[in-house]
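Written below as structure tokens is the structure these notes are about.
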Amino acid sequence: MVGFWEQNPGHPQLIVAVPYSPITPVTTDWVISLMNLQLPPNTRVQFQRGVPIDVSRNTLVRSAQEHKAAFIFFLDADVLAPPDIVLQLMAWKVPIVSGVYWSKKGYPAVWEQHPSGRGFTPIKALPTTGLTEVAGISMGCSLVDMRIFSCIPDPWFEWGLRDPRKEGEGEGHSEDLTFCEKASKYGFKLYIDPEMRCLHEAIIPVNIEGEMRFTDAQREKRA
């Protein structure tokens, strides 16, 4: 099989895509973790700042398409990944695979299908080893084969809200889970590598009285 470099000379094999919001302060620890990533040759790092997260992810994918990249690795600006995560995820040779981190609500940001068949429910007891198929992932440390985005219509990421007037409909889906729904609809499976565990930074501002205070935007971000 002809390798990527022979098919696409001069184009990046991998885009490390970082959606960045002004309400997510970038820490020194995060910068160090980014610098320590073990990356394949011909990798490009790209940031997208100042727009909603779903718009950021879509823009980063379109840019990766323009650069004819083979893979995109989403790394959120508050997720500290182990140095070998990219190479380990690539080694699985599956279209969509993610590391694992905990949500800011205190459970793993990994989901299975809800028993009702509609929506998702968190997987609170994760396996410790091996490639594991799941129904939903958070995109903050995920590797995606770029060919997927040619199979699923643009936009791939959308912030999906359910009708709040209908009892039992839930709060709605983030752009991560909306993408997972679309990928599943088009026949793609989603996986996690539970050994690739990341840190999810939560920075709480302290006011002049010494009290920890969240802004409204930060409260929303915690979800």
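Given R₀ = 41 Å, what would the calculated FRET efficiency be for Trp159 paired with Thr129, taking r from the Cβ atoms and rounding to 0.05? All intermediate terms of the calculation are to be shown ahead of the outcome.
Numbers: r = 34 Å, r/R0 = 0.82.
The formula returns an efficiency of 0.75 here.
Please figure out what share of the DSSP beta bridges in the range 7-115 is antiparallel and state it in percent, rounded to the nearest 5.
The answer is about 10 percent antiparallel.
Note down the net charge around Phe157, summing +1 for each Lys or Arg and -1 for each Asp or Glu among other residues with Cβ under 15 Å from its Cβ.
Numbers: positive: Arg57, Arg62, Lys182, Lys185; negative: Asp54, Asp76, Asp154, Glu158, Glu175, Asp176, Glu181.
Its environment carries a net charge of -3.
Scanning residues 5 or more positions from Glu195 or on other chains, those with amide H under 5 Å from its amide H are Gly130, with H placed 1.01 Å from N in the peptide plane.
The amide H of Val45, built 1.01 Å from its N in the peptide plane, has Val16 as neighbours under 5 Å, considering only residues 5 or more places off or on other chains. May I ask you to derive the FRET efficiency for Asp84 and Thr121 from their Cβ-Cβ distance with R0 = 35 Å, giving the value to the nearest 0.05? E(calc), rounded to 0.05, equals 0.70.
Distances between placed amide hydrogens fall under 5 Å for Trp102 paired with Ala109, His200, all partners being 5 or more residues away or on another chain.
FYI, it's all coordinate maths here, none of it is from the lab. Only a predicted model underlies this, so the values are computations on that prediction, with no experimental measurement involved. Don't worry about glycine lacking a Cβ; one is built from the backbone with ideal geometry, like all the others, and counts go over all protein chains shown.
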